[in-house]
Structures are given as structure tokens and as C-alpha cells.
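A short worksheet on the structure shown next.
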Amino acid sequence: RAMAELPPSHSSASRAAALAAAYISHRHGSPGHGLALRDVRRARREDIDGIGHKYHLEFVLEDIFERDSTVNCTAEVLYHLGNKNSAPDVQFTIEGELKNTDEADNVFYNRIKSLKKELEAENIPDSYGNVPPEMQPIRALAWAASGYVIWQNSAEDTKYQLAQIKRVKQVKRTDEYLEFDYVILLHENVSQEIIPWQMTVLWHPQHGVAVTQNGRLPEHALD
Amino acid sequence: MWAFLVLIGAAVASAHLQDLAFDGHKVFRVIPQNDEQVEIIHSLASKMQVDFWQPDYVKLVKPKMQVDFRVEADKALEVEHLLKESKVDYKVLIDNLQTALHAQFDSKVRSTGHSYEKYNTWEQIVAWTADIAAQNPSLVSRSVIGETYEGRPLYLLKLGKSGTNKKAIFMDCGFHAREWISPAFCQWFVKEAVETYGTDSTMTKLLNSLDFYVLPVVNIDGYIYTWTNDRMWRKTRSKNTGSICVGTDPNRNFNAGWCTLGASRSPCDSTYCGSAPESEKETKALADFIREHLSTIKAYLTIHSYSQLLLFPYSYTYTHPKDYSELNAIASAATQKLSSLYNTKYVYGPGATTIYPAAGGSDDWAYDQGIKYSFTFELRDTGNYGFLLPESQIKPTCEETLLAVKYIADYVLDHLY
């Protein structure tokens with residue numbers, strides 16, 4: 001086993017941290033709360049023979065709606081050698097308490113439940129970076145769900161970010177869950193490609209975010 | 001009325017704007033009736049800072065003459081009391097000079113729609129390049145250095161007080177169509193240059209001693225395409241022979257390790273290097289201009305987004321450039337200057353390890369041409385909004401980036417070669 005300190009400015013550290021941030025987003029995100037990678041404090045890489053590369057990271061996350069609200073984290077990200085179909089392993093700890101968003105979550109839940117017509121929207125944020133206040137929870141939910149998609153599809157040489165929600169459509173359900181069908185754009189930072197992706201997202205205030213279906217879409221799916 | 005506006009114009013021309021420099025300042029109009037009242041004005045001028053708009057200075061004040069003068073906010077009350085007590089007739093011409101000045105600039109915004117705090121269309125940017133040069137002829141001139149694939153003129157602004165043997169800094173924005181904050185920064189930089197020349201000592205020194213070549217949008221066709229068709233477009237809009245896919249990545253199209261790594265040979269890919277180095281009219285025009293002015297251009301800055309990085313050569317190889325230590329030190333100091341304003345964290349380093357290896361970049365090419373101080377900026381943010389940076393962040397992003405650019409320019413001036 002060989003462990004090496006990386007400069008926090010190193011691109012491989014930033015990729016691993018982005019992956020950890022995506023994973024944490026998925027585990028802790030909700031309509032009331034989203035977390036994005038702010039910067040990397042420390043990074044070490046461990047090469048484990050026959051297994052893969054494990055990154056030991058210390059980084060800072062910021063609230064996607066409030067830049068000044070930050071939280072420190074540590075994580076271990078293991079990229080498996082060879083097996084391209086297996087998602088990297090992520091273990092993490094968050095220093096201190098995360099903001100409690102139960103109230104915001106419940107307000108959103110009740111608002112959607114009481115809509116007469118299913119929610120539908122496009123281009124969040126719009127071309128100018130605007131997100132209408134009533135769409136912020138829809139964006140936070142997509143942020144958390146895309147964290148799952150990013151985690152599942154990342155490799156050591158990729159760095160994905162949610163670039164935009166192209167379309168979102170609420171799907172009517174008879175049970176207590178909220179369901180949304182999203183078409184999102186993922187930006188892959190190394191190839192610079194914009195990749196359309198579909199995801200079906202289930203959410204309930206007490207049950208967290210679940211992505212029940214997701215898949216890459218062909219280019220022309222956006223037309 | 002128009003005389004009044006001429007006075008405001010004169011005030012603006014002679015005392016270039018600094019943010020809030022004139023907040024609360026009042027302009028009074030007094031017509032002293034006799035020598036006694038003239039004496040009162042003299043004593044006022046000796047007690048406090050009085051900026052005479054007409055006549056030019058206090059000694060020229062005579063009875064029956066229209067006297068206009070400016071005083072600072074905290075002195076205005078005292079002035080009014082004194083004039084009232086002495087029974088000198090007066091009028092407040094301008095209640096708040098700052099507001100009046102802004103209104104004058106705002107009226108331009110209302111008619112053309114151009115704003116430094118919004119993302120402007122290409123048409124608005126073209127009109128702005130003409131206006132800013134026309135309004136500041138001693139500081140700004142506009143020229144055309146070539147044409148885009150779709151036949152649009154590539155406008156270049158030259159900033160600086162005219163002089164002989166001046167060295168220059170070249171800065172471009174808008175290489176990649178979707179990076180809208182980039183052209184916004186070039187426009188902001190030009191605005192700051194014209195507005196603070198004469199009041200900001202660093203900017204004044206820079207414009208007196210150096211010229212700045214500012215290319216507000218390199219990839220004009222692509223930029224327009226992001227407004228009309230696809231907000232996420234990156235490349236140029238040139239047709240590729242034998243392919244239905246359009247466009248070349250302009251920042252993989254320079255002759256610097258061209259297409260060896262981090263670039264694609266496929267026209268359908270976002271990092272397509274093109275059919276040959278400088279295959280794109282835009283990159284060829286830029287390279288031609290730099291080659292023609294190589295003896296005077298001492299620094300090259302290219303503005304991109306996003307990721308909050310300050311990069312220097314090389315990206316086409318992991319090998320360090322000859323000037324690595326110096327460039328690294330400059331980048332360290334420049335990013336510190338940037339952070340000092342809003343605590344925005346930037347990462348700096350050579351391109352290959354800091355972002356990714358990528359051949360054909362303009363910064364590497366400029367460096368290998370002999371332009372030692374070659375930097376790429378990746379502006380806000382780190383992925384939260386990415387390319388869709390909200391307009392409310394244009395001003396803070398530009399303000400902090402300006403600090404870094406001024407630092408680098410100042411360093412270059414002190415280290416001319």
C-alpha cells in the first residue's frame with residue numbers, strides 16, 4: 001500500500017471531492033437543502049494493489065442557496081480497478097450539524113400535495129441563472145437526485161456536475177410519496193460534454209430522496 | 001437647461017467616477033449682489049473644500065456673477081446656514097451629485113439595454129464597443145482584426161493613453177460560447193478603465209504606461225448561438241467536412257502540442273481540435289494579431305468559466321515551463337488579491353495538473369511565442385450554477401477578478417522584458 005499527499009489543487013483531488021460531494025448530496029439533500037463542493041483542504045491518495053485507488057479527503061461544502069453557509073467534511077473515495085460497472089465506494093463524515101430543513105420540506109410537501117394540476121416546469125435555472133423562489137425546492141430535489149446519478153456513473157477521470165434542469169413533470173401518485181420525472185443536463189468537466197439524462201425521483205419528508213429509474217438520453221431527446 | 005447638463009458633463013469629464021465618490025454632495029448656485037457677499041463666498045472657500053464649477057476659482061468671483069460650487073455631504077448644512085444667515089440668495093442646483101451622475105449613465109442603459117450587471121446580447125455589445133470608444137477617444141479606440149466563420153467582425157478595443165514605445169497586455173473573453181460571465185468581465189474591465197482613469201492611481205499608471213488590447217468576444221458565432229438555440233453550446237459554428245457535426249473547440253485549435261492530448265479528433269466532440277491548427281477564422285485572426293504585435297505584447301490573459309482557477313502553462317505537457325516559479329508566485333499573489341474582496345477561493349497552478357491536460361490552448365501558444373506572462377482565468381463558480389451564473393453575481397465576480405488582473409498588469413509593468 002502506498003500513500004501519497006496530493007496538492008489540494010490537484011485535479012484528481014478535486015474530482016474525488018466532487019464525487020464525495022455528490023454522494024453526500026444524495027444522502028442528505030431534500031427540497032429544503034442542497035450541498036455543493038466549495039473547496040478541497042487536503043487530499044491523499046492510496047494505491048491499493050489489486051483493488052484500486054483510495055482518496056482521503058478533507059473539504060468544504062456550501063449550501064446551494066446560501067453561499068456563506070458552509071460545512072466541513074472528510075471522506076474516503078475508493079475507485080475500483082478494472083470493474084467499470086461498479087460505482088466508487090464512499091464513506092464520509094460531516095463536522096457538526098446540518099441545517100434542519102423539516103419545516104421547509106413540509107411546506108413544500110403540502111404545497112405540492114394541494115396542487116390542482118401536476119407541477120411542470122422548464123429550464124431551471126434559466127439562461128440568466130434565475131431560479132424563481134417557488135422552484136428552489138424542485139432544484140434542490142434534483143440536486144440530491146443527480147448526486148445519486150453522478151455517484152453511480154463516475155470514474156477517476158470524470159467530473160460531473162448538474163448543469164441545468166431542462167424539464168420536470170410531476171407524476172400523480174395515489175400514495176403519500178411525491179414523484180417527479182426530470183430531464184437534466186449533466187456537465188462532464190473533462191470531456192466538456194453536456195449529457196442529457198432522465199431520472200424518476202421519489203420523495204417523502206420522512207423517507208429521503210430515491211431515484212427509481214434513470215438513464216442517459218440521446219442528444220435529440222431535448223428537441 | 002443644456003448649460004446645466006454641460007456642467008454635469010464637465011464635472012464627469014474632469015472628475016471620473018469612482019463608486020459613491022460624490023454621494024450626498026450638493027451643488028449650489030449663488031449670485032452675490034455686492035462685494036460683501038463676494039467676501040462671504042471667499043471666507044467659505046477658505047474654511048472648507050469648495051469645488052468651483054463656475055467660475056474656475058474663487059478669485060474670479062465678482063458681484064452679479066452666477067457662481068456654482070460643489071461641497072461634500074457633511075458640509076452642505078453648514079453652507080446653507082451660512083448663506084441664510086448672511087441673506088445671500090442661493091439655490092440648490094443638484095441635491096445629490098451621485099444620483100444625478102448615475103441617472104446620466106442609466107439613460108444610456110434604458111435606450112440600448114446594455115448593462116454591466118446583465119448579460120448583453122451580441123448586438124448590445126457591438127453598440128457598446130462603438131459608444132465606449134466614441135465617449136472616450138483619448139483612452140479607447142476600436143478596430144476589427146478579422147471575421148468569424150459566419151462573417152461577423154471581430155472587434156478589438158485598444159485602451160491606454162497614447163504614447164510612444166508602449167508595451168501592451170492582451171486580454172480576450174468569450175472563447176467558449178456558454179461561458180457568459182467571461183465577456184461580462186471584459187466589458188467590466190473596460191468600464192473600470194475609463195471610469196477610474198484619473199482617480200485610481202494604479203489604473204491611471206497602467207493606462208499611461210501600458211496599452212491593453214481587449215477582445216470582448218472571440219467566439220461571436222457561438223455566443224449568439226447560445227442566445228438563439230442552445231445555451232450550452234461551447235465550440236465555434238464552423239461546418240466540418242464530411243460530418244453533420246458543427247464546430248471546433250477554439251481552445252484546442254492553437255499550435256501548441258496541437259491535438260496530442262486532452263483534445264478530440266472527432267468533429268462531434270466538444271473538445272474537437274479542428275482540421276488543423278488555426279483552422280478557425282477566429283483563432284487565426286487572434287494568432288495573426290498577436291504575431292504582428294509580438295514585440296509589444298508582454299502578457300496574455302484569457303478569460304473562461306467556471307471552476308475558480310488561475311492557470312498558467314503548460315496544459316499540453318506535464319513538464320514545467322522555464323518560468324514556472326515566477327508564474328506560480330504571481331498566480332499565488334493574484335488569487336490572494338482576488339480572495340481579499342469576498343473570500344472567493346481560487347486554486348492556481350499549471351494547467352495539466354490543476355484542471356486537465358489539454359493541448360492546443362491559446363495560453364500555451366502565447367507562452368511559446370515568447371509572451372512570458374500567460375494566464376487563463378476560470379471564473380465563478382465551482383459548479384453550483386456553473387455556466388448559468390446568476391446576473392446578481394456579475395458585479396462581485398468582476399470586482400474581485402479586476403483586483404487580480406490589476407495585480408498582474410502592475411507586476412508586468414514592473415518587470416518588462
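The values are calculated or read from the model by the stated rules, or taken from the named source; none is laboratory data. Quick caveat, the model's predicted, so the values are computed rather than measured. Glycine also receives a Cβ, built like all others from the backbone with ideal geometry; neighbour counts cover every protein chain displayed. Remember, those area values only see protein heavy atoms, side chains included, never the ligands or the DNA or RNA. Shrake-Rupley method; radii C 1.70, N 1.55, O 1.52, S 1.80 Å.
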| query | Out of every Cα pair in the stretch A:76-141, what percent are spaced more than 13 Å from each other? | reply | 77 percent
| For chain B, what's the relative contact order in percent, using C-alpha pairs closer than 8 Å and at least 6 residues apart? | 14 percent
| request: Restricting things to alpha carbons, tell me how big the protein assembly as shown is in terms of Rg and Dmax, in Å. | output: 28.4, 100
| How much length is gained on full extension from B:LYS91 to B:GLN33, taking 0.36 nm per residue of separation minus their Cα-Cα distance? | 19.4 nm
| note | Residues whose modelled amide H sits under 5 Å from the amide H of A:HIS80, counting only those 5 or more places away in sequence or on another chain, are A:ASP89
| Using a probe of 1.4 angstrom, how much of the accessible area of chain B is carbon and sulfur, in percent? | 51 percent
| task | Work out how far the C-alpha atoms of the stretch A:101-221 reach from end to end along every principal axis, then list the three figures in whole Å, largest first. | result | 43, 30, 28
| If you plug each phi of the stretch A:184-191 into the Karplus form 6.51 cos²θ - 1.76 cosθ + 1.60 with θ = phi - 60°, what whole-Hz ³J(HN,Hα) values come out, in order, with x for Gly and Pro? | 10, 10, 9, 9, 9, 5, 8, 7
| request: List the aspartates and glutamates whose Cα lies under 13 Å from the Cα of A:LYS169, skipping any in the same chain that are fewer than 8 positions away. | output: A:GLU118, A:GLU120, A:GLU122, A:GLU179, A:ASP181
| request: Calculate the spin-label point distance for A:ASN100 paired with B:LYS158, positioning each point 7 Å from the Cα along the beta-carbon direction, and give it in nanometres. | output: 6.6 nm
| request: Take the alpha carbon atoms of chain A, find their radius of gyration, then divide it by 2.2 N^0.38 Å using N residues; give the quotient. | output: 1.03
| query | For the pair A and B, how large is the buried accessible area, both sides, in square angstrom to the nearest 100, if the probe is 1.4 Å? | reply | 2600 Å²
| Efficiency of FRET between B:LEU294 and A:MET3 - r from beta-carbon atoms, R0 56 angstrom, step 0.05 | 0.75
| remark: Once the in-chain neighbours fewer than 8 apart are removed, the lysines whose Cα is under 17 Å from B:LYS284 read B:LYS235, B:LYS239
| request: Could you do me a favour and compute the accessible area per residue for chain B, 1.4 Å probe, result in Å²? | output: 40 Å²
| field | Residue-by-residue Karplus 3J(HN,Hα) for the stretch B:167-184, coefficients 6.51, -1.76, 1.60, Hz, glycine and proline x | value | 8, 9, 10, 9, 9, 10, 9, x, 5, 9, 3, 7, 8, 4, 5, 5, x, 4
| said: Under 16 Å from a point placed 7 Å out from the Cα of A:GLU219 along the Cα-to-Cβ direction: which residues of the stretch B:236-273 have their backbone N that close? | reply: B:236-249, B:264-273
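Please state, rounded to one decimal and in Å, the Kirkwood hydrodynamic radius that chain B gives when every pair of distinct Cα atoms enters the mean of 1/r. Could you put the intermediate results ahead of the total?
Details: mean 1/r = 0.0427 Å⁻¹.
Averaging 1/r across every pair of different Cα atoms and inverting gives 23.4 Å.
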| query | When the helix-only estimate is applied to chain B (DSSP H runs of n ≥ 4, each -39,500 (n - 2.57), divided by the residue count), what is the mean residue ellipticity at 222 nm, nearest 500 deg cm²/dmol? | reply | -12500 deg cm²/dmol
| note | Scalar couplings 3J(HN,Hα) for the stretch B:146-157 by Karplus 6.51 cos²θ - 1.76 cosθ + 1.60 (θ = phi - 60°), nearest whole Hz, x for Gly and Pro, are x, 10, 7, 4, 8, x, 8, x, 8, 7, 10, 9
| remark: So for R0 = 30 Å, FRET eff. of B:ARG142-B:TYR342 from the Cβ-Cβ r, to 0.05, ends up at 0.40
| Label-to-label distance, nm, for residues given as A:HIS204 and B:SER43 (7 Å Cα→Cβ offset) | 8.5 nm
| task | Mind running the shape call on the stretch B:62-181? Use the C-alpha gyration tensor, a ≥ b ≥ c as the square roots of the eigenvalues: rounded below 1.5 for a/c, prolate if a/b tops b/c, oblate otherwise. | result | prolate
| remark: Relative to chain B, whose Cα atoms define the longest principal axis, helix B:394-414 and its Cα axis are tilted in degrees, nearest 10, by 80 degrees
| task | Relative to the compact-globule scaling 2.2 N^0.38 Å, provide the ratio for the alpha-carbon radius of gyration of the stretch B:285-371. | result | 1.12
| task | Have a look at B:LEU309, B:SER339, B:GLN393 and report the one farthest towards the positive end of the charge dipole of the stretch B:273-417, computed about the Cα centre with Cβ charges (Lys/Arg +1, Asp/Glu -1). | result | B:SER339
| task | Any lysines with Cα under 18 Å of the B:LYS75 Cα? List them, leaving off those in the same chain fewer than 8 positions away. | result | B:LYS26, B:LYS47, B:LYS84, B:LYS91
| said: If I histogram all Cα-Cα distances within the stretch B:137-238 using bins 5 Å wide from 0, what percent of pairs lands in each bin? | reply: 2, 14, 21, 21, 16, 11, 9, 6, 1, 0
| query | Based on the alpha-carbon gyration tensor of the stretch A:3-94 and its eigenvalue square roots a ≥ b ≥ c, which shape applies: rounded if a/c is under 1.5, prolate if not and a/b is larger than b/c, or oblate? | reply | oblate
| query | Within chain A, which is the longest segment containing none of the trypsin sites (Lys or Arg not before Pro) that sit in a DSSP loop and have at most 15 other Cβ atoms within 10 Å? | reply | A:2-83
| query | What size of dipole, in debye to the nearest 20, comes out for chain A about its Cα centre when the only charges are +1 on Lys and Arg C-beta atoms and -1 on Asp and Glu C-beta atoms? | reply | 240 debye
| note | Exposed-loop cut sites defined as trypsin sites (Lys or Arg not before Pro) in DSSP loop states with at most 15 other Cβ within 10 angstrom; longest site-free run of chain B spans B:167-264
| Any idea what angle helix B:97-112 forms with the longest principal axis of chain B, computed on alpha-carbon atoms, 0 to 90 degrees, nearest 10? | 40 degrees
| request: Could you tell me which Cys residues in chain B have no other cysteine's Cβ under 4.7 Å from their own Cβ, answering none if every one has a partner? | output: B:CYS398
| field | Extension gain (nm, one decimal) between B:THR99 and B:CYS268, 0.36 nm per residue minus Cα-Cα | value | 55.7 nm
| query | Along the charge dipole of the stretch A:101-221, Cβ charges K/R +1 and D/E -1, which of A:ASN153, A:THR212, A:PHE180 sits furthest on the positive end? | reply | A:PHE180
| Taking the Cα centre of the stretch A:1-95 as origin and charging only Cβ (+1 Lys, Arg; -1 Asp, Glu), how large is the dipole, in debye to the nearest 20? | 260 debye
| field | Dipole in debye (nearest 20) - the stretch B:122-414, about Cα centre, beta carbon charges: Lys, Arg +1; Asp, Glu -1 | value | 160 debye
